[in-house]
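Structure, as structure tokens:
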Amino acid sequence: MAHERRPPMAPSSASRYHRRRSSGTRDERYRSDVHTEAVQAALAKHKERKMAVPMPSKRRSLVVQTSMDAYTPPGLSPLSSLPPLTDTSSGSEEEGGQGEGTPTSSQGSVSMEHWISRAIHQGSTTSSSSSSTQSGGSGAAGRLADVLAQTHVGKSGPIAHLSLKRKTMLGVAENGNLRRSCEFGSDLLWPPPLESDENHSAPPDVTTYTSEHPVQVERPQVSTVPRTTPKYGNAELMETGDGVPVSSRVSAKIQQLVNTLKQPRRPPLREFFVDDFEELLEVQQPDPNQPRPEGAQMIAIRGEPLGVVTNWPPSLEAALQRWGTISPKAPCLTTMDTNGKPLYVLTYGKLWSRSIKVAYNILHKLGTKQEPMVRPGDRVALVFPNNDPAAFMVAFYGCLLAEVVPVPIEVPLTRKDAGSQQIGFLLGSCGVTVALTSDACHKGLPKGPTGEIPQFKGWPKLLWFVTESKHLSKPPRDWFPHIKDANNDTAYIEYKTCKDGSVLGVTVTRIALLTHCQALTQSCGYTEAEIIVNVLDFKKDVGLWHGILTSVMNMMHVISIPYSLMKVNPLSWIQKVCQYKGKVACVKSRDMHWALVAHRDQRDINLSSLRMLVVADGSNPWSISSCDAFLNVFQSKGLRPEVICPCASSAEALTVAIRRPTDDSNQPPGRGVLSMQGLSYGVIRVDSEERLSVLTVQDVGTVMPGALMCVVKPEGVPQLCRTDEIGELCVCSIATGMSYYGLSGMTKNTFEVFPMSSSGAPISEYPFTRTGLLGFIGPGGLVFVSGKMDGLMVVSGRRHNADDIVATALAVEPMKFVYRGRIAVFSVTVLHDERIVVVAEQRPDSTEEDSFQWMSRVLQAIDSIHNVGVFCLALVPANTLPKTPLGGIHLSETKQLFLEGSLHPCNVLMCPHTCVTNLPKPRQKQPEIGPASVMVGNLVSGKRIAQASGRDLGQIEDNDQFLFLSEVLQWRAQTTPDHVLFTLLSSRGTVLSSLTCLQLHKRAEKIATMLMERGHLQDGDHVALVYPPGIDLIAAFYGCLYAGCVPITVRPPHPQNIATTLPTVKMIVEVSRSACVMTSQIISKLLKSKEASAAVDVRSWPPVLDTDDLPKKKPPQLYKPSNPDTLAYLDFSVSTTGMLAGVKMSHTATSAFCRSIKLQCELYPSREVAICLDPYCGLGFVLWCLCSVYSGHQSILIPPSELEVNPALWLLAVSQFRVRDTFCSYSVMELCTKGLGLQTESLKSRGLDLSRVRTCVVVAEERPRIALTQSFSKLFKDLGLHPRAVSTSFGCRVNLAICLQGTSGPDPTTVYVDMRALRHDRVRLVERGSPHSLPLMESGKILPGVRIIIANPETKGPLGDSHLGEIWVHCSHNGSGYFTVYGDEALQSDHFNSHLSFGDTQTVWARTGYLGFLRRTELTDASGERHDALYVVGALDEAMELRGMRYHPIDIETSVIRTHKSIMECAVFPWTNLLVVVVELEGSEQEALDLVPLVTNAVLEEHYLIVGVVVVVDIGVIPINSRGEKQRMHLRDGFLADQLDPIYVAYNM
């Protein structure tokens, strides 16, 4: 053997030719090898242009600890020991166990040589360019594999280990550039359908490739890559937009993704169909060069006549009667136990007598004499396990004799079996009330507490009836079943599971049953007393037809092999054929495959007795590999080639075609090598085997005797196909199903089809039945099946078959990574087209890296061979896909789990960028129309210019004569000294402290003294007030005013989170140039603590004064400002985009602001107002500190932080103090909605009453959150809250309150706008509930003294009513400018003083930075004018430009949150030109990967955007500011700096 192992040095084509001759025994090569080789060659082709796919990152806890010897084949060759076919590896029907055969088909394949051949040429690992220098390329390996196959090497010693030398890391470096260096100009993402000359030669020899391009040459290219990507400047610098340096790990991945995506797509598509006025989804254009059918119209093919033999019985029951009486001792059925020992022999006499007994008992012993439960013609369920064919057979014939209709179904194992619910629906629709079952099965069914069998989910109520003889009463002597000739009554109903998981019942009449048995007898040449070995499920399909029905007609002896025995001993069927000298065996290709894996131990196998081996799934084109491999191995054991007889069948048409067992071994079976490209257009093009993308099909014999077959187009009217066209096979015969039980419409479409010729005339007066099989009729009337209608996926107008895609995936070295036969392929509809999803069960020992490598290669292979992109590839842990009763994958259930996000994959790779080619074209910005033309256009069309104003500030009352708040306070201290202004509540709802006018005045005086004496401050100095929300803050504020200082309120650092909160405090203190810091004793200690010094430089704080011990004396005199336009205070806040800005508020503006609010809310000294807001900036600060002093009302202060301890605090306070007006933030509202959702009843019993509230205003600087305000209103409606009361306000940096729903005036209105129009900066009103509609709520009434106009942010021209533009505001309480902006000063200069470019160019406006529109409503306001409503859409800073359109993050986030119950919160941001979606997961980390496809689909469907990166994080990771707004830019910086500790990051391709 030694010399055979050396790889020959000949080029691969020669060795391939040599191999073909040397194999001798068979001229046909392994079909499966062809496919594997094709796939490997396709991958090798890709090697030059390999895409660098960024690998997803996963939190450690999600990565299963894997062993490193995942690559190493077992020490002894897998051929020499039978793999343990336990459930973990292969409790499955469709699966080859761990049987490491050639990885090609979903159902069976070549023997173990492939381990070795793969080990030698490494399966052309594409990740490293020197991967196969040690091997002789594919040809050599192939030849070696052949040699090994013939000499049965038992050890895989040294060879196997060649595959361990992976150079993966090097591969990643090269992958990125190789592609760019050699492929930069091309239009295609993947290689084109390979049309060049080289395709007709062998697959490329990997060795020569490597020698031409030595590795060293490629290395220098690494440095040149960045030069090809100058477009994204800041991405290269690895900094965020604000220049924050970024962790290279995340950025490198994103960069890799961006580079990959920048490679040109497939050629662009031309025409559109209109999805709506705005965004045109591209529609796939037919390829002008696509192959078209050219043949003549086909002619229906007739099978040979059904020769009625004289002694054929007139019905099946008559046959049973004949054999039961003539030869009662003849064996009918032998059952096996799990050791393969005969368990029981049922003779024809026993079958006959027991069937009579069952028939009598069904008809006479159920119900009463007057009211029998079952009458002839009724349906009964047959529930028998797969290891008890004898009991099933007795019950089935008992039903036939009693003339009731058996409905055989699977044993329900649990109440929630995959698909069992649908079976229940079938039983219900058939009116089944009785289920026959065996003793053992009855004992094994799940039982309720009292021992009764529970009703299964979706099932009707059933009486369970055990059919064992000992439980039945003997029929009286005179009772005898009525045996009639076969007629048109229904004989039995076979269930069939559809593509979508629904279950239909196909009815088969007695005449069809008999005719089918006759046709099978004739075509298979069955004779009396033949022995037949049956491995198939005897309850339905081929197993039932051959092993239960036809066998009885011919008095044959069936040896039944249960599935449980096959799991333990896959060779059992072959052993039984030898032991019983079986003439016929009925198997599936997986049984042949399993036998190949296991046959090495057997010495004395002799299959010469077999005259027919029925391959039941011959209609799966990939069964050919198992047939060939099986023949190749067992030919030496007496198996004759002509014995293998594939058949095609379907539940509707029964046996469609079967290959006849001939004695003439010279006539080779039919083969077709078809081009996959042609097949995808439904056209047959014979191809040479050298081409990569071919499908080899074998014939399934000829049409059944007495039947007529034609092929019709799969869609539309049933028109005959041409001879070179693929279509659906249709059969006209007595021996087909009759109907789908109870479904007349579907029955008509399937069982009553009248095929038409091209002239439109029907070809026959008799109806045809659709078989659900796709194929064609070849030369000599041979039938070829290329796939199933159920497996058909139409992607962009081309047809792909699920089985073919499974085969390609399996041909990518699957044994290391996935279980064969545990792969599901289906399509989901996303954005008006089908998208392919591949789900596979992953072996537990494969590492992350390997699996990912395998996944990316599967994508490439499928792309090369089928020219179609895979939308999503998911790997799930072993044994987690839902199984059918016989262990195969339950496809529709898998698809359902995928769509609802409960598949729990452990690896996901999405490729929306490569698959989705029908997105609307990116919007091209038209040159702006000049502002003058816009204005003229509006005037001409009669549209008013969008402007609105609040009412006048009106006449002055007594306290309004003061220009300064400090004067108002002094006046109140004199006139109403004991009037309480402020009441602070504790978390228990008790009053912590309160302040009267006089107390506040006195306290403020002392603080002023302290500032002057201890702080030595001059007037105009800035003082930072760092206090918790409360009364000290208010006193300190007025103390500053009394001392002539300018206060700045600063949120104190959070003691548990100093590292992140203290730097912000420090920054505000520095930026505001504060001369000193005033605070409480506790905080002053905190500012200088050890923890603080770790976060900031504590030595550089300005002087810190603590106000806990104040001086006793009052100041000599209080400061009186001379000019009302001087600074009163600075309002500092951090915007959502992370900008820190301080707005200057003059004394004039402050007083005007308070006056405006006083008028809008009708505030007087007798009122109480509850405030649950943060008092540090914006309207929150004004309401907390200023309004009470100005208007004299009592403010009940509730610090929002206390609600975390007691969520009901705010509402209880509102109820207890009988408050009419209250203000809160969105965070507070959310806390109440989430925290009190289940407590409304208990709150009611505690006397909570909200009926007095007339305004509950949410203070916000964003678009109103309708969903939240509505759920809040709904939730507390029962507690008396009037839905009208809840409203929002709107403020921004330049004007802290523009709108605020006051006491009078119309209710806030809501409009629905088209979200797609918004992206184009247009407002289009639509009806509620129309697709793509977005509800927008008015942001409250415009405050008194405020004027608003809507202007175009680019041209600064005024816009018309209901046009989207930037909201500009002119008002006496506008801020007077930024004190400093930490960021770009130049950009901000026009925020406070802008002028329109046209129209009224004099007025000074402040720009809010928010997009919105004004709309005149039908309502009237207090002054009797028509009411103008302001709708805020979103901040310009936050909006994202993607594909030329403007997206507001909140819209995408809303779509994402809706997709899955475990998504608690979501934030999106753009990075370069990718959309990054961050979701917070509430639930187990196992769900993290479920979210990736759901999020991607939702954003595609609703926003026509492709998500670039999906990041799954823990709850609370998305940063939120005090107003409850998401800080998306902080999040972005955190993500890029790799600080989020994500559970999972998926980079979509």
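Worth a mention:
- Residue count, segment 957-1013 (criterion: touching a residue at least 24 places away in the same chain (Cβ under 8 Å), in a helix (DSSP H, G or I) and more than 60 Å from the chain's Cα centre (by Cα)): 24
- Residue list for segment 1240-1267, restricted to those being open to solvent by less than 40 Å² (accessible area, probe 1.4 Å) and of a type in the set (A, V, I, L, M, F, W, C): Leu1243, Leu1248, Leu1250, Val1253, Cys1256, Val1257, Val1258, Val1259, Ala1260, Ile1266
- For beta carbons closer than 6 Å, sequence separation of 6+ or different chains, a first residue in segment 493-518 that is on the phi > 0 side of the Ramachandran plot and a second that is outside any helix (DSSP H, G or I) and small (Gly, Ala, Ser), there are no qualifying pairs.
- Residue, surrounded by the most Cβ atoms within 10 Å (Cβ to Cβ), within segment 1023-1056, restricted to residues that are of a type in the set (Ser, Thr, Tyr) and under 26 Å from Ala1095 (Cβ atoms): Thr1049
- Restricting the first member to segment 451-477 and to residues that are closer than 24 Å to Ile356 by Cβ, and the second to residues that are in a loop (DSSP other than H, G, I, E, B), the beta-carbon pairs closer than 6 Å and six or more apart or on different chains are Trp464/Ile453.
- Any hit, segment 789-799, residues being in contact with a Phe, Trp or Tyr (Cβ under 7 Å, 6 or more places away or on another chain), part of a strand (DSSP E or B) and either farther than 17 Å from Arg671 by Cβ or open to solvent by 10 Å² or more (accessible area, probe 1.4 Å) (or both): yes
- Identity of the residue in segment 1324-1349, in a loop (DSSP other than H, G, I, E, B) and crowded, with 24+ Cβ neighbours inside 10 Å, that ends up farthest from the chain's Cα centre (by Cα): Leu1343
- Scanning segment 871-903 for residues that are in contact with a strand residue (DSSP E or B) (Cβ under 7 Å, 6 or more places away or on another chain), hydrophobic (A, V, I, L, M, F, W, C) and assigned to a helix (DSSP H, G or I) yields Leu891, Phe898, Leu899.
- The one condition from (1) assigned to a helix (DSSP H, G or I); (2) within 19 Å of Arg659 (Cβ to Cβ); (3) open to solvent by 10 Å² or more (accessible area, probe 1.4 Å) that Val542 does not meet is (3).
- Identity of the residue in segment 1060-1103, among the aliphatic types (A, V, I, L, M) and open to solvent by 30 Å² or more (accessible area, probe 1.4 Å), that ends up nearest to Asp1131 (Cα to Cα): Met1067
- Note on segment 1014-1046: residues that are among the charged types (D, E, K, R) and assigned to a helix (DSSP H, G or I) total 1.
- On the stretch given as segment 516-539, residues that are open to solvent by 20 Å² or more (accessible area, probe 1.4 Å) and either basic (Lys, Arg) or closer than 25 Å to Asp378 by Cα (or both) total 1.
- Segment 1278-1313, subset closer than 25 Å to Arg1426 by Cα and among the β-branched types (Val, Ile, Thr), residue most open to solvent (accessible area, probe 1.4 Å): Thr1310
- Val1050 being of a type in the set (Val, Ile, Thr) and over 24 Å from Gly1020 (Cβ atoms): no
- In the condition set (1) open to solvent by 40 Å² or more (accessible area, probe 1.4 Å); (2) touching a residue at least 60 places away in the same chain (Cβ under 8 Å); (3) of a type in the set (Gly, Ala, Ser), Ser1188 is compliant with all but (1).
- Looking across Val673, Val656, one residue alone is open to solvent by 10 Å² or more (accessible area, probe 1.4 Å), within 23 Å of Gly791 (Cα to Cα) and in a strand (DSSP E or B). It is Val673.
- Every listed requirement among (1) farther than 26 Å from Val1258 by Cβ; (2) surrounded by fewer than 21 Cβ atoms within 10 Å (Cβ to Cβ); (3) in contact (Cβ under 8 Å) with a residue 60 or more places away in the chain; (4) not hydrophobic (A, V, I, L, M, F, W, C) is met by Arg1316 save one, (2).
- Residue check for Phe1217: at negative phi, in contact with a strand residue (DSSP E or B) (Cβ under 6 Å, 6 or more places away or on another chain) and open to solvent by 20 Å² or more (accessible area, probe 1.4 Å): yes
- Of the residues making up segment 694-712, those that are open to solvent by 10 Å² or more (accessible area, probe 1.4 Å) and out of contact with any strand residue (DSSP E or B) (no Cβ under 7 Å at 6 or more places or on another chain) number 1.
- Beta carbons closer than 8 Å, at least 6 apart along the sequence or on distinct chains, pair a first residue in segment 1336-1363 that is of a type in the set (Asp, Glu) with a second that is part of a strand (DSSP E or B) and open to solvent by 10 Å² or more (accessible area, probe 1.4 Å) for Glu1338/Thr1310; Asp1361/Ile945; Asp1361/Arg1415; Asp1361/Arg1416.
- Among the residues of segment 1220-1239, those identified as open to solvent by 30 Å² or more (accessible area, probe 1.4 Å), more than 21 Å from Lys1526 (Cα to Cα) and not basic (Lys, Arg) are Leu1238, Gln1239.
- Gly451 being over 21 Å from Met393 (Cβ atoms), under 37 Å from the mean Cα position of the chain (by Cα), in a loop (DSSP other than H, G, I, E, B) and not acidic (Asp, Glu): no
- Selection count, segment 578-594, where residues are surrounded by fewer than 24 Cβ atoms within 10 Å (Cβ to Cβ) and in contact (Cβ under 8 Å) with a residue 40 or more places away in the chain: 3
- Residue within segment 854-870 that is over 13 Å from Val806 (Cα atoms), in contact (Cβ under 8 Å) with a residue 12 or more places away in the chain, open to solvent by less than 10 Å² (accessible area, probe 1.4 Å) and part of a strand (DSSP E or B) present: no
- Ser759 vs. criteria assigned to a loop (DSSP other than H, G, I, E, B) and either touching an Asp or Glu at 6+ places or on another chain (Cβ under 9 Å) or at negative phi (or both): yes
The values are calculated or read from the model by the stated rules, or taken from the named source; none is laboratory data. It should be emphasised that the depicted structure is a prediction, and the values quoted were computed from it without experimental measurement. Glycine also receives a Cβ, built like all others from the backbone with ideal geometry; neighbour counts cover every protein chain displayed. Heavy atoms of the whole protein, side chains included, go into the accessibility calculation; ligands, DNA and RNA do not. Shrake-Rupley method; radii C 1.70, N 1.55, O 1.52, S 1.80 Å.
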